[in-house]
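The values are calculated or read from the model by the stated rules, or taken from the named source; none is laboratory data. Please read these numbers as outputs of a predicted model, since none were measured by experiment. With ideal geometry, Cβ positions are generated from the backbone for all residues, glycine too; neighbour counts draw on all protein chains shown.
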Amino acid sequence: MRIYREKNYEAMSQTAANIVAAQVKVKPDCLLGLATGSSPVGMYGVLAEKFRRGELDFSKVRSVNLDEYVGLAAWHPQSYRYFMRENLFSHVNIEPSNTHLPDGTATDPEEECRRYDRILEELGRVDLQVLGLGHNGHIGFNEPGDIFEKSTHVVNLQDSTIQANARFFDSFDQVPRRAITMGIASIMRARCILLLVSGESKAEIVKTALTGDITPRVPASVLQLHPNVMVVGDEEALKYL
Ligand code: F6R
């Protein structure tokens with residue numbers, strides 16, 4: 001595990017973007033695993049800037065996202081499809097047909113999980129998987145539980161996750177209670193993982209996840225078993241490491 005300790009969110013976003021940019025340059029048709037949330041927003045901004053400056057070409061890049069809320073359509077401002085369009089896809093030359101997210105409006109979410117697994121299977125191994133870290137140790141929306149869920153599945157979001165996500169909605173009641181997420185095995189299959197952590201509120205869980213017991217009670221702890229993890233964080237989030 002390599003740890004990049006950066007001064008602040010801006011520096012962390014630069015470093016993370018440099019890592020993704022290197023991946024795209026080395027392998028122009030790479031498969032990127034993408035995350036939403038606050039942690040990668042700055043990184044996506046830097047990537048968009050690199051594209052504007054003519055330093056990056058996304059025309060052959062393919063992407064799969066970790067998760068999507070059940071019930072939110074692509075046009076909903078809080079859907080992850082919308083987030084990706086706003087923060088990255090509409091700013092670079094990635095082909096929309098090369099971008100993949102679970103469909104939150106599928107009439108049968110369980111069937112949608114199987115469809116998403118088939119897409120993951122067809123696309124092959126993710127070259128670089130971007131992850132954020134939930135305060136409860138979740139990655140994607142793999143919430144703490146008794147087992148590491150292997151494949152794409154529907155999750156009931158925990159209260160702490162709903163609470164954390166409420167900042168993006170007008171009220172707590174509007175936050176979806178369920179999501180579709182890639183499973184832990186799919187995440188672990190990536191050749192390389194880029195974990196982004198920012199802010200003091202993550203410091204405790206960063207230490208627990210990366211140095212504590214490996215247990216499905218702290219889903220991110222499984223990353224200790226991955227051979228190629230880069231953690232890029234600001235000083236506050238990494239202060240106990
Ligand atoms: C988002 C995702 C989540 C977030 C996590 C951290 O696609 O999969 O696991 O990465 O909840 O969120 P932020 O970055 O907002 O603290």
Here are some conditions: (1) over 13 Å from the mean Cα position of the chain (by Cα); (2) touching a residue at least 24 places away in the same chain (Cβ under 8 Å). TYR44 meets all but one. Which one does it not meet? (1)
Cβ contacts < 9 Å: first residue over 22 Å from ARG217 (Cα atoms) and among the basic types (Lys, Arg), restricted to the stretch 116-142; second residue away from the ligand (no atom under 11 Å from the Cβ) and at pLDDT 95 or above, any location; separation 6+ or different chain. Result? ARG125/LEU31; ARG125/ARG189; ARG125/ALA190; ARG125/ARG191
Please enumerate the residues belonging to the stretch 116-130 that are outside any loop (DSSP other than H, G, I, E, B) and of a type in the set (Lys, Arg). ARG118
The stretch 171-191: number of residues that are surrounded by fewer than 19 Cβ atoms within 10 Å (Cβ to Cβ) and either touching a helix residue (DSSP H, G or I) at 6+ places or on another chain (Cβ under 9 Å) or free of Cβ contacts under 8 Å to residues at least 12 places away in the same chain (or both): 9
Pick out the one residue from PHE89, PHE51 that is touching a His at 6+ places or on another chain (Cβ under 9 Å) and either more than 12 Å from the ligand (Cβ to nearest atom) or more than 19 Å from GLY124 (Cβ to Cβ) (or both). PHE51
For residues that are charged (D, E, K, R) and closer than 17 Å to GLN14 by Cα, scanning just the stretch 197-241, find the one that is nearest to the chain's Cα centre (by Cα). ASP234
Given the criteria more than 23 Å from LYS27 (Cβ to Cβ) and either within 13 Å of the chain's Cα centre (by Cα) or among the charged types (D, E, K, R) (or both), does ASP127 qualify? no
Hey, does the stretch 7-24 have a residue that's among the aromatic types (Phe, Trp, Tyr), within 16 Å of the ligand (Cβ to nearest atom) and more than 26 Å from GLY104 (Cα to Cα)? yes
Quick test for you: out of ARG167, ARG189, ARG114, ARG118, pick the one residue that is charged (D, E, K, R), more than 17 Å from the chain's Cα centre (by Cα) and either closer than 27 Å to ALA237 by Cα or at pLDDT below 95 (or both). ARG167
Would you be able to say whether some residue in the stretch 61-82 is away from the ligand (no atom under 16 Å from the Cβ) and either within 29 Å of PRO227 (Cα to Cα) or under 17 Å from the mean Cα position of the chain (by Cα) (or both)? yes
Identify, by number, the condition in (1) crowded, with 23+ Cβ neighbours inside 10 Å; (2) under 21 Å from MET182 (Cα atoms) that LEU31 doesn't meet. (1)
Does PHE168 qualify as being more than 9 Å from the ligand (Cβ to nearest atom) and either free of Cβ contacts under 8 Å to residues at least 60 places away in the same chain or aromatic (Phe, Trp, Tyr) (or both)? no
